[in-house]
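Asks: Once you've had a glance at the structure underneath, I'll fire off some questions.
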Amino acid sequence: MGVMGTLSYITDLWKKPYEEPLRRVIKARLLKWRREPSVVRVEKPTRLDKARKYGYKAKQGVVVVRVRVRRGPFNRRRPNTGRKPKRMGVYGIALSTNLQVVAEQRAARRFRNLEVLGSYWVGEDAIYKWFEVVMIDPNHPAIRSDPDYSGIVGREDERERRQRRVRRLRQRQRRLIERLRQRMQGQGSGKSN
């Protein structure tokens, strides 16, 4: 058996975040994060293994942003004018995109000059979920000279950047739909011919 690296130990710890080594640490962090603004730039990533997976390097031009997103059922207030209960539009309202995608979009809106590389979950409580978004500055000289970021750098067009982000989100949505479809086909539809 080979020797495990530091990132392997970090990955193993985060597989069960609510068990003893991490539980107290996460609880203390969440108490602190609740008092912070919803979008905060952080010095170092909370989960180094995930950040590295999405292209994080400890160099100028690479930024990590923590985003807080409200979770839970998106119920609306009941209208006080008369109508059928079915037509009130109070229950069954769900987001069409998942909360991680919402977090990426908020980070991109806040830091318009940066490009989103990816994001990952760092914590949640009864009201909020927190994600860290890895972003780079495509115009920074340190990033321009790095061959690892060559696929992103050099495309100055803002419209092209937005389209690339939307394409990535659509691909993620398609993969999710395909997985659901495969699950449904495996179980069968339940209808008899």
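The values are calculated or read from the model by the stated rules, or taken from the named source; none is laboratory data. None of these values were measured; they are calculated from a predicted model. A quick note on method: Cβ atoms are made from the backbone with ideal geometry, for glycine too, and the neighbour counts reach across all protein chains shown. Note: accessible area is taken over every heavy atom of the protein model, side chains too, but ligands, DNA and RNA are not part of it. Shrake-Rupley method; radii C 1.70, N 1.55, O 1.52, S 1.80 Å.
Asks: For the stretch 1-27, what are the residues that are part of a helix (DSSP H, G or I), open to solvent by less than 100 Å² (accessible area, probe 1.4 Å) and under 11 Å from Gly123 (Cβ atoms)?
Replies: Of everything in the stretch 1-27, those that are part of a helix (DSSP H, G or I), open to solvent by less than 100 Å² (accessible area, probe 1.4 Å) and under 11 Å from Gly123 (Cβ atoms) turn out to be Trp14, Leu22, Val25, Ile26.
Asks: Continuing with the same structure: When both residues are 6+ apart or on different chains and their Cβ atoms are under 7 Å apart, which pairs have a first residue that lies in the stretch 8-33 and is in contact (Cβ under 8 Å) with a residue 40 or more places away in the chain, and a second that is open to solvent by less than 90 Å² (accessible area, probe 1.4 Å) and aromatic (Phe, Trp, Tyr)?
Replies: Trp33/Trp130
Asks: Scan the stretch 55-75 and give yes if some residue there is in a helix (DSSP H, G or I) and open to solvent by 80 Å² or more (accessible area, probe 1.4 Å), otherwise no. Quick ask: steps written out before the conclusion?
Replies: First pass over the stretch 55-75, keeping only residues in a helix (DSSP H, G or I): none.
For the stretch 55-75, residues in a helix (DSSP H, G or I) and open to solvent by 80 Å² or more (accessible area, probe 1.4 Å): absent.
Asks: Also, quick follow-up: How many residues are under 15 Å from Arg52 (Cβ atoms) and either open to solvent by less than 10 Å² (accessible area, probe 1.4 Å) or in a helix (DSSP H, G or I) (or both) if we restrict to the stretch 107-122? Give the derivation first.
Replies: Going residue by residue through the stretch 107-122, those that are under 15 Å from Arg52 (Cβ atoms) are 117-120, 122.
From what's left, either open to solvent by less than 10 Å² (accessible area, probe 1.4 Å) or in a helix (DSSP H, G or I) (or both): 118-120, 122.
Qualifying residue count for the region: 4.
Asks: Pick out the one residue from Arg23, Arg34, Arg66 that is charged (D, E, K, R) and within 29 Å of Asp148 (Cα to Cα). Steps first, answer last, please.
Replies: Values: Arg23 fails: within 29 Å of Asp148 (Cα to Cα); Arg34 fails: within 29 Å of Asp148 (Cα to Cα).
The match here is Arg66.
Asks: Contact list please: Cβ distance under 7 Å, first residue in the stretch 134-150 and without any contact (Cβ under 8 Å) to a residue 40 or more places away in the chain, second residue part of a loop (DSSP other than H, G, I, E, B) and surrounded by 18 or more Cβ atoms within 10 Å (Cβ to Cβ), pairs at least six apart or on different chains.
Replies: Pro138/Val153; Arg144/Val153
Asks: Anything in the stretch 28-53 that is open to solvent by 60 Å² or more (accessible area, probe 1.4 Å) and under 15 Å from Ile136 (Cα atoms)? List them, or say none.
Replies: Correct list: Arg41, Glu43, Lys44, Arg52, Lys53.
Asks: Only one of these conditions is not met by Arg83: (1) part of a loop (DSSP other than H, G, I, E, B); (2) open to solvent by 100 Å² or more (accessible area, probe 1.4 Å); (3) closer than 14 Å to Glu132 by Cα. Which number is it?
Replies: Only one criterion is unmet by Arg83, namely (3).
Asks: For the stretch 123-142, which positions are outside any loop (DSSP other than H, G, I, E, B) and over 15 Å from Arg66 (Cα atoms)? Walk me through how you get there before you give the answer.
Replies: Of the stretch 123-142, the ones outside any loop (DSSP other than H, G, I, E, B) are 123-124, 128-136, 141-142.
Pro141, Ala142 - these are the residues of the stretch 123-142 that are outside any loop (DSSP other than H, G, I, E, B) and over 15 Å from Arg66 (Cα atoms).
Asks: If you scan the stretch 171-191, which residues turn out to be loosely packed, with under 10 Cβ neighbours inside 10 Å and modelled with pLDDT under 80?
Replies: Gly186, Gln187, Gly188, Ser189, Gly190, Lys191
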